[in-house]
Amino acid sequence: MNRIYFDHNATTPVDPAVLEAMLPYFSTEFGNASSIHTYGQRARAAVETAREQVAALIGARAQEVVFTSGGTEADNHAIFGVVRAASAGRPRAHVVTSAIEHEAVLNSCQALEQEGVAVTYLSVSREGRIDLEELVRAIRPETLLITIMHANNEMGTVQPVEEIGRIAAEADLYFHTDAVQSAGKIPVDVNALQADLLSLSGHKIYAPKGVGALFIKSGTPVKQYLYGGHHQRGFRPGTENVAAIVGMGKAAEIARIALRREAARIGGLRDILEQGLLARVPEARVNGGGAPRTPNTTNITFSGIEGEALLIALDLMGLACSTGAACSSGAVEPSHVLTAIGLPPAEARASLRFSLGRGTTEDQIRAALEIVPSTVGRLRSISPTYQKHSSRG
Amino acid sequence: MTTQLQLDSLPAVAAETQPGLIAVAMSGGVDSSTAAAMLQQQGHPVVGLTMQLWNQRRLPELQVSSSAQHRCCSLDDVYDAKRVAQHLNFPHYVVNFEEEFQERVVRPFVRQYLAGRTPIACTNCNTDVKFEPLLRMARQIGAQRLATGHYARIRKNANSGRYELLRALDDSKDQSYFLWGLTQEQLSCSDFPLGELTKDEVRDLARKLSLPVAEKPESMELCFVPNGNYVQFIHAYARAEGQPLQDREGEIVTQDGVVIGRHTGIHNYTIGQRKGLGFAAGKPIYVLAIDPQKNRIVVGEDDALRTKLLEIEGVNWISLAEPLDASPSTPEGGSSAIRGHAKIRHKHEPAPATIEALPGGRARISFETPQRAVTPGQAAVFYDGDTVLAGGWIR
């Protein structure tokens, strides 16, 4: 069975060119980037090249990029780092975030609350965007940080980050944005965003899992998170994962060069898929479709079905997509994002996310346009709730 | 420039669901794992489903002890099921039925105890979760049948045209007592591959197939109740629901209504219980009845615990249609008596009895000899030989 992978927001395959760039750093170029000898110098050079490549993707300077173990570490480091550095000696601290952040941000904020930091979770509109006036109203004298994601992982909706950056700058607050889902899909420029901190993940941009990066604008006080040796100026110790960092650098370079063309191509495919599903499936609705979105993502509610059942049925037929958020057992939990945009639980459970990527072809879209409508139809034909629902209307 | 990725290719996903696909309810234990392996060996395409039923985080106060491992809802068991599926190379998914389990099993379990009854959560879980939403899920994902690791048998009777539920060949493992609620429709699309095997044979088979769970110990307790301490669970659950149990004390009385002591709350007692009651006139006394209206525990001697007659409700007739019309002349419009054996709790040896259908989905069971501790909330299952004739909840 040839499988179709429409879950690129979860992870992406390592690009062959990325893999090729990485391979020497597992064998001949195995040096520790901190070593003084030639082996170490060559590894150091590779890490610094990667830093420049990642910096170039987001319009930053290389010394503003810190490599991490991934997006989650970058988010944690940014949030705890800023709050701990800035709140030293202050009796009160306050952070503003949104209700639809990734768990790496939400749970970091909840952990801060346990430590006595106040957190405001901004609501979002039906289209998944925050209200800038609500943001302004949420700012208090003791506010230190605004952390709001660039693009949402479940719907692809893009927040008005430039305005948020401006509001933060005017209020003299630090602004962190989780750009894990936007980097490589839409332009990300830390200068245009006026971001002080920005998180990236390697495996969402065709680099391997286990590597990410945090942009920290020069001069931003951030308390370090890990303690150890002198790696990355002692600020983020731990022997560099040279091969993965090289991969992230190469992936960033490919993403930067291909961005415009791939965004147009994938966006075209996404639109065909989305329009096709809406045309072929009665009572299907796009979530967040009215907001600016990343070009690869569509989130659709198929009223009257269980998204979990549709997901499994499609996977058994070879089409991989996703729904909500998986808990540690792998079972599907109701999506906090879809709940936040106001979907009732049944509608949230009836929603699937299709996220396309570099490997997506027109043929795959055509195949999906066959099996998704027929499977939704089959599920509805045996769904007690859908029949009840239709007979009412 | 981007490089062509490996994963693109032809649009050849399967256009249809797989014919003959059987979903197997996998708990991560040796029984359901072996059941899945057997079906696969017989040549059926198999998909494993593990239900996420209860989140231990719901009642954090019960999590102090780490002995909440080896429970059917624990992550370890989910991973075990996944390892088995990987080992045998068939697809496996975890499906979330926390809401259904909470609504249909846990809440009724607590309510029944608070109403002075002694519930069987496993029967509710079978009838209302496994063979309802899980079976529906199986159908939705394209499976035609649902198999479980239960020790019981299903047979279609060519004469009556009905699906029959039979005891397992291994008497010591028989679980038909927990399956009496299955409808004809549910039985018609269910498989119990272990029904003809002994536990030892199942273990041997698991070892032969090198299943990663071949040596896993059995779980005997209720999966959602840590340490089997159901009283503690009920208190924690009630607190979490915002209705903490307090001041539920009441009187312990004899059958003549003489108050002989105080009880700590009727949910702490079950019919036939002796512990914590002391003695009367030098003889051991037992709980005879629980009276939720008066909040009383009625106690007495062992003799008074025995009764020949009981009534069941919510009766499900399996190997024959409800025989109400068999003899319209009988009083109350019930049926004539059918002879067989009845079992009134999991560890009860089926005893000779007759059953008569009553109107309103009820039935009357009359034992030849008095049976000890007939307990409201438990089930009575009526057998004709190995075949389950009917079952119902003891009133």
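Laboratory data are not the source of any read-out in this text; all were calculated from the coordinates shown. Note that the structure is a prediction, hence the values are computed from the model and not measured. For neighbour counting, all protein chains shown are included, and Cβ atoms are generated from backbone atoms with ideal geometry for every residue, glycine included.
Assuming R0 = 30 Å, can you tell me the calculated FRET efficiency for the pair A:F30 and A:A10, based on Cβ-Cβ distance, to the nearest 0.05? Don't skip to the answer; put the middle values down first.
Numbers: r = 31 Å, r/R0 = 1.03.
Result of the calculation: an efficiency of 0.45.
Roughly how crowded by other chains is peptide A:349-362, in terms of the mean Cβ count from those chains within 10 Å of each of its Cβ atoms?
Values: counts 2, 0, 0, 0, 0, 0, 0, 0, 3, 6, 7, 3, 6, 2.
Going residue by residue through A:349-362 and averaging, the value is 2.
Over all distinct Cα pairs, what is the inverse of the mean 1/r for the range A:50-91, reported as the Kirkwood hydrodynamic radius in Å? Spell out each step's value before the answer.
Working: mean 1/r = 0.0853 Å⁻¹.
When all Cα pairs of the range A:50-91 are included, the Kirkwood radius is 11.7 Å.
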Based on C-alpha coordinates, I'd like the Rg and Dmax of the range B:283-395, in Å.
14.8, 48
Scattering from the C-alpha atoms of the range A:1-133 alone, worked out with Debye: what is log10 I(q)/I(0) at q = 0.19 1/Å?
-1.18
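With a cut-off of at most 10 other beta carbons within 10 Å, and DSSP calling the residue loop, which GluC sites (Glu not before Pro) in the range B:240-275 qualify? Please list them.
Details: sites: B:E241, B:E249, B:E251; in loops: B:E241, B:E249.
Taking the range B:240-275 and a limit of 10 other Cβ atoms within 10 Å, the loop GluC sites (Glu not before Pro) found are B:E241.
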With N set to the residue count of the range B:75-133, report its C-alpha Rg divided by 2.2 N^0.38 Å to two decimal places.
1.45
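With +1 on each Lys and Arg Cβ and -1 on each Asp and Glu Cβ, and nothing else charged, work out how big the dipole of chain B is about its Cα centre, in Debye to the nearest 20. Walk me through the intermediate numbers first.
On the way: 42 positive and 45 negative charges, 89 e Å.
Magnitude of the dipole: close to 420 debye.
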Among A:S98, A:A33, A:V136, the residue whose Cα sits farthest towards the positive end of the charge dipole of the range A:16-255 (+1 at Cβ of Lys and Arg, -1 at Cβ of Asp and Glu, taken about the Cα centre) is A:A33
Can you sort A:S35, A:S199 so the residue with the fewest Cβ neighbours within 10 Å comes first?
A:S35, A:S199
At what distance in nm do the modelled label points of A:E142 and B:T264 sit from each other, each positioned 7 Å from its Cα along Cα→Cβ?
4.4
Lys/Arg Cβ at +1, Asp/Glu Cβ at -1, dipole of chain B taken about the Cα centre: which of B:T123, B:I154, B:H348 is farthest positive-ward?
B:H348
Once every Cα of the range B:103-154 carries one equal point scatterer and solvent is ignored, give the base-10 log of I(q)/I(0) from the Debye formula at q = 0.14, 0.31 Å⁻¹, two decimals.
-0.46, -1.13
All aspartates and glutamates inside 19 Å of A:K250 as judged from Cα atoms, apart from same-chain residues fewer than 8 positions distant
A:D15, A:E20, A:E29, A:E48, A:E52, A:E64, A:D189, A:E240, A:E262
In Å and whole numbers, how far do the C-alpha atoms of the range A:294-354 stretch along each principal axis, longest first?
31, 30, 24
Treating each Cα of chain B as an identical point scatterer and ignoring solvent, apply the Debye formula and state log10 I(q)/I(0) at q = 0.09 Å⁻¹.
-0.62
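Given the DSSP H assignment, sum -39500 (n - 2.57) over each helix run of at least 4 residues in chain A and divide by its residue total; what's the result at 222 nm in deg cm²/dmol, nearest 500? Mind showing how you got there, number by number?
Working: 13 runs with 166 residues, N = 393.
The helix contribution divided over chain A gives -13500 deg cm²/dmol.
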Which of the lysines could a cross-linker bridge to B:K130, judged by Cα under 28 Å and excluding same-chain residues fewer than eight apart?
A:K388, B:K82, B:K156, B:K173, B:K199, B:K216, B:K343, B:K347
Pick out, from A:Q364, A:P345, A:A309, the residue whose Cα sits farthest towards the positive end of the charge dipole of chain A, with +1 on the Cβ of Lys and Arg and -1 on the Cβ of Asp and Glu.
A:Q364
Work out, step by step, the length gained on full extension between B:E241 and B:Q56: first 0.36 nm times the residue separation, then minus their alpha carbon distance; give nm to one decimal.
65.1 nm
Relative to the longest principal axis of the C-alpha atoms of chain B, give the angle of the C-alpha long axis of helix B:30-41, reported between 0 and 90° and rounded to the nearest 10°.
40
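With Rg and the Kirkwood Rh both taken from Cα atoms, where does Rg over Rh land for the range B:250-300? Present the calculation step by step, with values, prior to reporting the outcome.
Working: Rg = 9.6 Å, Rh = 10.6 Å.
We get a ratio of 0.91 for the range B:250-300.
If you take every DSSP beta bridge fully contained in the protein assembly as shown, what fraction is antiparallel? Give it as a percent rounded to 5. Provide the component values of the computation, followed by the final result.
Working: 70 of 106 bridges.
For the protein assembly as shown, the DSSP antiparallel bridge percentage is about 65.
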In Å and whole numbers, how far do the C-alpha atoms of chain A stretch along each principal axis, longest first?
72, 54, 37
Taking the alpha-carbon distance from B:K283 and a cut-off under 21 Å, which lysines remain once sequence neighbours fewer than 8 residues away in the same chain are dropped?
B:K275
What Rg and what Dmax come out for the range A:1-67 when only alpha-carbon atoms are used, in angstroms?
15.7, 51
Other chains' Cβ within 10 Å of B:133-141 residues: what's the mean?
5
Please get the size of the charge dipole for chain A, origin at its Cα centre, with Cβ charges of +1 on Lys and Arg and -1 on Asp and Glu, quoted in debye to the nearest 20.
260
At 222 nm, what helix-only mean residue ellipticity would chain B give, in deg cm²/dmol to the nearest 500, using -39500 (n - 2.57) for each DSSP H run of four or more?
-5000 deg cm²/dmol
Explain nothing, just the number: dipole magnitude of the range B:250-300 about its Cα centre with +1 on each Lys and Arg Cβ and -1 on each Asp and Glu Cβ, in debye rounded to the nearest 20.
140
Binning every alpha carbon pair distance of the range A:248-393 at 10 Å from zero, what are the percents per bin?
11, 39, 34, 14, 2, 0
For chain A, set up a GNM with springs between Cα atoms under 10 Å and report which of A:N153, A:N296, A:N241 has the largest fluctuation.
A:N241
1/(1 + (r/R0)^6) with r = Cβ-Cβ of B:L309 and B:Q42, R0 = 60 Å, i.e. FRET efficiency to nearest 0.05, evaluates to 0.85
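Work out the mean other chain Cβ neighbour count within 10 Å for the residues of A:333-340 and drop it here as an integer.
Details: counts 4, 2, 0, 0, 0, 0, 0, 0.
Counting other chains' Cβ atoms within 10 Å and averaging over A:333-340 gives 1.
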For A:I266, A:I254, what ranking results if the residue with the fewest other Cβ atoms within 10 Å of its Cβ goes first?
A:I266, A:I254
If one compares the long axis through the Cα atoms of helix B:75-88 with the longest principal axis of the Cα atoms of chain B, the angle in degrees, nearest 10, works out at 40
Karplus 3J(HN,Hα) series, Hz, for the range A:359-374 with 6.51 cos²θ - 1.76 cosθ + 1.60 (x for Gly, Pro):
x, 6, 10, 4, 4, 5, 4, 4, 5, 5, 6, 8, 7, 5, x, 5
Return the sequence-ordered ³J(HN,Hα) values of the range B:296-305 in whole Hz as given by the Karplus equation 6.51 cos²θ - 1.76 cosθ + 1.60 applied to θ = phi - 60°, using x for Gly and Pro.
10, 10, 9, 10, x, 7, 3, 4, 6, 7
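How do B:153-163, B:264-274, A:49-59 rank on mean C-beta neighbours within 10 Å, highest first? Present the calculation step by step, with values, prior to reporting the outcome.
Details: B:153-163: 13.2, B:264-274: 18.8, A:49-59: 22.3.
Ranked from most to least packed, the peptides come out as A:49-59, B:264-274, B:153-163.
Computed from the mean reciprocal separation of all distinct C-alpha pairs, what Kirkwood hydrodynamic radius does the protein assembly as shown have, in Å? Intermediate values should be presented prior to the final figure.
Values: mean 1/r = 0.0333 Å⁻¹.
After inverting the pairwise mean of 1/r, the radius is 30.0 Å.
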Compute the helix-to-body angle for B:199-208: its Cα long axis versus the longest principal axis of chain B, expressed 0 to 90° and rounded to tens.
20
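What ranking do B:K283, B:K308 get, fewest neighbouring Cβ atoms within 10 angstrom at the top?
Working: B:K283 11, B:K308 14.
Listed from fewest to most nearby Cβ atoms, that is B:K283, B:K308.
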Starting from the 7 Å offset along Cα-to-Cβ, what nm value, one decimal, do you get for the label separation of A:S123 and A:S381?
4.2
